[in-house]
Structure formats: structure tokens, C-alpha cells
1. Nearest 5 is fine: what % of DSSP beta bridges in chain A come out antiparallel, could you say?
2. Averaging over all projection directions, find the projected area of the Cα convex hull of the protein assembly as shown and quote it in nm² with one decimal place.
3. Taking H placed 1.01 Å from N in the peptide plane, check which residues at least 5 places from C:VAL137 or on another chain put their amide H under 5 Å from its amide H.
4. Where does chain C land at 222 nm, in deg cm²/dmol rounded to the nearest 500, when only DSSP H runs of n ≥ 4 count, each adding -39500 (n - 2.57), divided by all residues?
5. In whole Hz, with x marking every Gly and Pro, tabulate ³J(HN,Hα) for the stretch C:230-247 from phi via Karplus 6.51 cos²θ - 1.76 cosθ + 1.60, θ = phi - 60°.
6. Determine the sum of side-chain charges near A:VAL70: Lys and Arg each +1, Asp and Glu each -1, restricted to other residues whose C-beta is under 10 angstrom from that of A:VAL70.
7. Tell me the GluC sites (Glu not before Pro) within the stretch A:45-112 that lie in a loop according to DSSP and have at most 13 other beta-carbon atoms within 10 Å.
8. Amide H neighbours of C:HIS219 under 5 Å, at least 5 residues apart or on other chains, H built in the peptide plane: list them.
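Every number here is computed from the coordinates shown, using simple stated rules; none is lab data. Computed from a prediction, not measured in an experiment: that's the story for all the values here. A quick note on method: Cβ atoms are made from the backbone with ideal geometry, for glycine too, and the neighbour counts reach across all protein chains shown.
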Amino acid sequence: MGQQGDLRYLTKKLFRDKVLASQIIRIIKEYWELLRARKGVEEVKIMNFCGTHEYTTTHYGIRSVLPPGVNLVAGPGCPVCITPSFYVEAAVKLALEGLTLYTYGDAYKLPAVKEIDGCRSLSDARMMGADVRVVYSFLDAIRDAAKHDKPSVFLAVGFETTCPAYASGIVNRLVPENLALIMAGRLTPPAARFAVERVGAVSGVIAPGHVSTITGAGVWRFLPEEFDIPTVVSGFEPLDVLIAITLILKQLLEDEPKLVIEYSRTVTMEGNRHAKRLLAEVFDTVDAAWRGIGFIEKSGYALNENFSRYDAFRLYGIREPSREEWRHDLLPGCICGQVILGAAKPTDCRLFMKRCTPGTPYGPCMVSVEGSCSIWARMGGREALVEVV
Amino acid sequence: MCLGVYGKVVRVEGELAVVDFGGGLIKDALVGVEEVREGDYVVVHAGIIVSRLSEEEFTEVFRYVEEAARQLAQTESRVAEYLESMRVRLQENLSGQK
Amino acid sequence: MSKISLAHGSGGIETSQLLARLILNRLPEWMKSPDGGLGLDFPDDSAAIPVGSGYVVTTIDAYTVSPIFFPGGDLGKLAAAGTINDILMLGGKPVAVLDAIVIEEGTSMDDLSRLVGSMISLLQEEKVCLVGGDIKVMPRGQLDGILITTAGIGVASKIIADKNIRPGDKIIISGTIGEHGAAILAAQQGIKSDEFKSDVSPLTKLMLPLIEDYAEDIHAARDPTRGGVAMALNDWARGSQTMIVMYESELPIREPVVNLCEMMGVDPLNLASEGTALLAVSPEKAEEVLSRMHELGYREARIIGEARERASSVGLVVLKTLIGGARILEPPSGELVPRIC
Ligand code: SF4
Ligand code: SF4
């Protein structure tokens, strides 16, 4: 490849550079020392709202190189983890009734609270013979569904980043007659507000980069302005995250909480107008349930009147539970709701590493390798990690 | 929450674009941005282009880091020592870029 | 819920658990392997039965893959090479193969003939006999396409059992990582590119000379098929009382494979190889073995990690990451499916 001026190549070269990383880590340590010496700070708790930031953090072992007082915690950043059990149950039911069910790999494995005919997830339904197909994108599902005329349903999870694909498929009339959607899309800023209101005591926020490409970084302004929380919209390479941490510590030291775009190579303050228009055209913003958390105002995407013929619930006569009917959708004892909000640590859960282990997960946070409980479960080897570093 | 991959636009065909993800890895994606042209670098998430990458902004963020280090260096002599080596490393990484 | 799922067959944790529950836990110790041999008492590529002053090495594997023809090979080639490699990885010289072919009613005769043709021509090149077999046809819908099972027999004067890894041993890989898995993943996801080609091939030219000259120094050998490098190393760490430390910066993974994995959200270390060997070699001989591998035509071979004294009670594989951090390399779990987040 002619790699020299290639931005893809440059990203890997620059944003994964070991020497630069170690230099930035030294700067982080300096800031941390100053914070302790000058302000008597004992712990800095930085929350991310994004499963992919959490992925970068664990994948590159970022926690293992930070000073012990600088803690990274995961917030409600997972469109899969927070998808209410109800949607999974509905999808499983439709699949077992003979419909073709499409979704992404992570939603495919997501367990529901209730068993439907012995099935707790779409992967269970598939082993019972249901036609469940894992796809990389909505576009792939569109193409696949167009090849057959079996009635099909897409379990459409996702945040602001994922939902424009649904809107675009619909507006551009690409979606074939036989494909409908279970629309479970969610908006992130309301959940972030919810989290900081309940939890407080977050010293800084690493805000989601790819969501912000759509919404614009501006939606995070309330964090520094109303809650005095330094906020950095960050990219997903290891150096992006390290730089974001540096910038948060700097703000803490200078007592100047503000909104900074670290991911300026693709995020702007106003965001992606085209995608926002698509979203507004196809969806209404409604009060919606988050798994283990409850209803959050104006936090869900629902297909609006003009496009209701794509609505699988309407088509198959499924009624969504209202706020009154909605019940806590975690199994008894599981405190994922608080873990997701960063209000509790997995070790605060009575079931942690007893009933609930990565091998036999009980709650949603233990399911995926990036779920907070699953990460903590595997941090048992921390001494080994520190020794290797 | 949202895995995004960088690619380079090969061709635009209406609401679809053919994107090269490096090394001959080619797949098409919905165009989710106002306009894209052949040769643009874009971020693709689950089959849709969600934004463009800006070449001008690409290394801007390292300015923040240098600035932070320079500030620290004024009071912390330890930082001053390696500020220079950091600059050199950045330069090395960036040179070779046209 | 107790039903078999695809995850049970993906070669990760679920497969091990199923195997333990279904078979291992039901066998008294004596049944797991004959005296002085190696069998189900230790997870390895093949079994060894002592005969005279040496061993008979034997293995059996059922092969399915979708699509059955993929860039770089097909199911027939896979079934032949896979079994040959399993024999080699225990230090055996492959002698003969038996096959059992189960076919779905309605399968194209041409396809079947091509698959079996490529199996035979590979065995022929390798000078391995095909000494027996079976063919069955299943009614349409009761099997998806074709299943080929091959059993292999080889002989060895000394076996390489993977329980002998010691602190200090260097971990060497013979080629780039995850090529077979990447080719299959790309084919399944409809990505057309000449960049992906399965590495399926017999490792005879590499392994026979190494076994000949370095049988004492190679403490473990494995071809990381299902479950990939991550699974193989975790097996080693658990079975050997060492901790294995890997250097991410040293891993030979081709750019297109990295890109595909990033796009699909899967880890290249979980992708299968079908013509790549992973070796643990004593530190004194590691460089020598490595240059020999280069001479034998395996130019991408390199040292990617080392075994160390165990720090905790569990056998961990720890990866030193590109930026100098560390993370635990988990054995893969569940099916390999694309993620969005
Ligand atoms: S487990 Fe992590 S990556 Fe997966 S959906 Fe949940 S937050 Fe996202
Ligand atoms: S440990 Fe398990 S049960 Fe407890 S909060 Fe986490 S996922 Fe839920």
C-alpha cells in the first residue's frame, strides 16, 4: 500500500505509538502527583459512557499503567447491556413463531430475564431451530431479506450512531416489504445526565466519540456547565484515551471544568446535520426504558406515524409495556443497574463470583467480555499484570 | 458503544458508497453524511458512514499534549527533560507523511 | 437450558466444558490413556500409544466448514491437512489416514468429487496412505452439506507432549496469525478481496526436520486451529504450571487481517490457523530453531512470547500491549460473531 499519507495507516502508527504512550503516561503521573500535593485529592474517578472506550481501556491494558488513584469506571455505554429484556423476549417469541430474525452479534447473545419456551436469547432460539441470522449491518440484512420473502424482523438496537442506518434504509426505500424493525434505539445524553444526577462524585467524563460525530460534542456541555465535570470527547485509540485522561487531570488541577474535543479529527460541536435530519424524519423521541435502570425521559427512538408500517410491534400486535407496567428487568439480587450507572462496584454485588461468574453469567454485565462485572471478574490476575508491566 | 472503522471512499453510488478499509478490504456502506467524495476518509459504523475524517485536524490533538507538557515543564524540571524527546518522537512519526 | 448450541462447537471454553461433562468426567483414569502413553488425560493434538521402543500416534477429527470451497482451499484439503498436522504436533510422522464422509442428499456430485479429489491429492503429495473409510448419505435437511471425518495414524520415537513447558521457554509461531479464520470470516460476510487466503496446508516440511533435530528442545507444539492462538496458549498455561507472557508488538498479523478484525469486532488471536505451528522451545535453542524454521521456508516465523514462573494460582496468559500495558488474554468463549460495540 502507498501508506505514507494514508490516514488509516497514520492512525495506527501515531495513536498506538509506544514511546509517545509512555511519555503521556508520565505526564499523567505528574498531574496526579500535583493533584495530590496541591489539592489533597485521594481518588480521581473518570467515567466513560461507551462500551468501545471500555474496550480500548481493557484491550490495551490502560488501567495497568495508570497511577493507582486514577480510576476508570464504565458508565451506561452499552446499547446491548441496556436493551430492556422485553425486546429480547419479543424477538425470541417472533423467531420461535417462524419469522426470520436479524441482529448484530452482541444482541444475538444477550439474555432475557424470562424464558420463552426454554429460550433466553436469540442464540438459544437458533439452537431450537429458529431462523436467526447474525449480520454486520442493517444494510446486509436488507439485502439478505430481499432475497427471500419470508416475513423478517430486525432487532434494531443502538444509539445515535447506529440509528441513522435504520433511518437511511427507510427513507431511501431500500427496506423490502417483508422486513420490519423492533426499534429499541436509545439516546445517550439523557442517560448520561441521569447517571451523573444519581451518582454524583464523578471527577471527569470521557464522552463517546462516535455518538458525538452525529449529535455534535455540544450535547455534552451540560456536564461542565451544570455539574462542574471536566468532559473530554475522545477517540478510541489507546493514545486518544490517555490524552483524554491527561486533559481531564489538567482541568481538575486548574479548577476549570470545560468541554474539550480530543477527537477533533472527526467530531465537531454541531455534529452531522444530515444524519440528524434523517433521525428527525423517521423517529419520534419518546420516554423509554433502560435495562436495570428504568424509564428515562426522552431517551428512546420510536418510528413515527409516517413509517409505522415498518414497526414490527404494530405488525405483529405486540404492545410495549408502559411506564406503569414496566418492571425491574433484572434477576433478583443482580445490581447491574447500579453497576452500569457507576454507582456500585461489581464487588458490591452479593452474587459476584458466587452465583455469577464469566462461565455462568447471571446478570447482563457478566455476559459480554466488556461488561463491567466480567471485566472485574477477570481482574483477579491484577498482580500478575502489574508484575509484567 | 459504537465500533467505528476508518476507510477511504472509492466510489459513491447514490445513497451507497464503496469504501476501502485498507489492504483490499472493500465493502459498501450507506452514506450517512451530507456529502462524500471519492478519496475522502470516513468513519463507518455498522454499515453506515457516520462522519468524515479531517486531514487538517488529524494531529491537532498532540498540540494539546505538548502544551500541557510545556506548562508542566515550567515548574517540574523532570518534565522539561523529556519534553524534547517527545517532540522528536512526534516529528519522527509525522515525517514521511507527505 | 440444556441444548447443544453452536458455541459448544466453537472450540472455546464451552467446547472444553462439554467435553469434560460428556466424556472426561465419566472415564476412570486408566481408561484415559494406556500405560506410558498419552490420551484424554491431557489435552493435546493427538494420542500416543507405546509400542516397542516408540509410539503409535493417532488422532480423529470431524471437519465441516461453510463455505465448503474457500480462498486457499476446500473442505477436502482441510480434512487431510488437519489430521496430518495433528499427528505432526505430537512429534509423529504421518503414515496413514482413514476417512468417513457423510453427505446430504442432493449434494452436487461435482462438488463432492472435487472435495475428495483435493483430499486425495494432498495425501498423495505427502506420501500418506488412505487405508480405509466409509460413506453415508443423510436425507435432505438432516445435515447441512458435507461432513468429512479423518483419522490419522503416525509413528514417533519420542513424543512432544504439551505439558513440558518450563519457565524461560520461548514461544515461537511459524507464520502469520489467523489466516484461515480470516478467509472464512470474509467469505461469510460477503467481502471479496484477494487479500484473504486460508493457510490450510500440511506442516510436514517444517515439523519433520525439527522433530528430527530438536525433539529434546521443543517442549510443546500445537497448531492453533479452532479457538486460535488464544485457546492454544491458555491450554498451555493451564496445563504447565507457567504463566505465558506475549508481546503484542511481536505478533505477526497481516494488515488486512487486522483491519478485518477491527471492522468485525473480533480478536485475531481467536481466529483459526490451519497451516501454522506454535512451539515452546528451550531458551538455549530458541534462536537456532528459529533460524532453522526460516531456512525451511517459514520466513514469518518469530518469537512472540515466553513462559515465566507462575505468579498466581491460575495459569494465565498475559499480553504486553502495544502501549506497554498488560491485559489477560482470555480463552475465546461463544461463537465468533461481528459486534457493533
Ligand atoms: S458488553 Fe460492552 S460492548 Fe457489548 S453491548 Fe455491552 S457495553 Fe457494549
Ligand atoms: S455480578 Fe452478576 S448479578 Fe451481580 S451485578 Fe454483576 S452481573 Fe449482576
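1. Expressed as a percentage, antiparallel bridges in chain A total about 25.
2. Projected over every direction and averaged, the Cα hull of the protein assembly as shown covers 34.8 nm².
3. Correct list: C:ILE103.
4. -9000 deg cm²/dmol
5. Result, ordered by residue: 4, 5, 4, 5, 5, 4, 5, 5, 6, x, 10, 6, 10, 10, 9, 10, 10, 10 Hz.
6. Combined, the nearby Lys, Arg, Asp and Glu give +2.
7. A:GLU97
8. Amide H neighbours of C:HIS219, under 5 Å, 5+ apart: C:ALA280, C:VAL281, C:SER282.
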